[in-house]
Amino acid sequence: TATTILDWRHVAGDDAMSSDLVAQVQESVFGDDEATAFIERLEADTVARHERFGASVYLLEPDIKQGAGGLRDLDVALWVAKARWKVSRFDDLARQGIFVPAELSELQAAQSHLCRVRNQLHFLAGRRSDRLSCDRQEQVAVSLGVGDPVEGAERLMSEHYGHAHRVCRARERIVGRALEAKKDAPAARRIAPGLVAAG
């Protein structure tokens, strides 16, 4: 439920009700202490998921969505950023100085790669398919214009491993910075209603 609220997008109806719901959830579910607990749960879930789908980005047949360095790791990174810094996109992290532009560029390139590969897997299978199996690697490489089946598959996997590694590293940095942000936050004390002193 918490991640659904973080991904909330108003589509139709009363915009004020939608905004009010999101504001209430941000305050109650993603306040400082609650956000820290939420981030720690997300990280524990990520570790367990990696164990199920392969804890290395260098698997011969990686899972593009659930595996280490996959699309779900990007989701986790963005959920953490939304919960801690109240941003809506990765671009906002660069504007707030949490990421440098080069890190953001790498993350966007990785996201684009993962989406293209996953879309091709779905298209080739005619259904949802997230495992980049050896036989699919050649087909995806040709579909994406990476090269002939054999050399293209090698080039595709080399690119994939680089992108997956950067996604893992970015998720770890975002989670680490989000948890440090809470630890380093100055102690606050309430002086009067609506007035808080920090430090």
Solvent-accessible area per residue for the chain (1.4 angstrom probe, square angstrom): 56
Overall dimensions of the stretch 58-167 as given by Cα atoms, namely Rg and Dmax in Å: 14.9, 45
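Taking the mean number of other Cβ atoms within 10 Å as a proxy for protection, how do you rank 141-149, 2-10 from highest to lowest? Intermediate results must be reported in sequence, preceding the final value.
Numbers: 141-149: 15.8, 2-10: 13.7.
Final packing ranking: 141-149, 2-10.
Does the stretch 1-55 classify as rounded, prolate or oblate by the C-alpha gyration tensor (a ≥ b ≥ c root eigenvalues; a/c under 1.5 gives rounded; else a/b over b/c gives prolate, otherwise oblate)?
Details: a/c = 6.06, a/b = 1.87, b/c = 3.24.
Oblate, because a/c is 1.5 or more while a/b does not exceed b/c.
Largest first, what is the accessible-area ranking of Y58, Y161 with a 1.4 Å probe?
On the way: Y58 130, Y161 45 Å².
Result of the area sort, largest leading: Y58, Y161.
Starting from 0.36 nm per residue, how many nanometres of slack lie between A102 and S158 once their C-alpha separation is accounted for? Before the final figure, lay out each step's value.
Details: separation 56, 0.36 × 56 = 20.16 nm, distance 2.03 nm.
Taking A102 through S158 to full extension adds about 18.1 nm, to one decimal.
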Electrostatic dipole magnitude of the stretch 101-142 [Cβ: Lys, Arg +1; Asp, Glu -1; Cα centre; debye, to 20]: 280
Compactness index (Cα Rg / 2.2 N^0.38 Å), the stretch 78-127: 1.45
Between 0 and 90°, nearest 10: helix 134-143 axis offset from the chain longest Cα axis: 90
Mean projected area (nm²) of the alpha-carbon convex hull when the stretch 34-75 is viewed from all directions: 2.7
Nearest 10 degrees, 0 to 90: helix 101-125 Cα axis against the chain principal axis: 50
The stretch 123-138 and the stretch 68-103: distance between their alpha carbon centers, rounded to Å: 28
Kirkwood-Stokes translational diffusion coefficient of the chain, alpha-carbon pairs, 20 °C, 1.002 mPa s, µm²/s: 115
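Could you order R166, R95 by accessible surface area, starting with the largest, using a probe radius of 1.4 Å?
Details: R166 70, R95 160 Å².
Descending order: R95, R166.
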Global size of the stretch 2-109 as Cα Rg and Dmax, reported in angstrom: 15.6, 49
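The values are calculated or read from the model by the stated rules, or taken from the named source; none is laboratory data. As the structure is a computational prediction, the values presented were derived from the model and not from experiment. Here the Cβ is made from the backbone with ideal geometry for all residues, glycine too, and neighbour counts use every protein chain on show. Accessible surface is based on the protein model in full, side chains and every heavy atom, while ligands, DNA and RNA are left aside. Shrake-Rupley method; radii C 1.70, N 1.55, O 1.52, S 1.80 Å.
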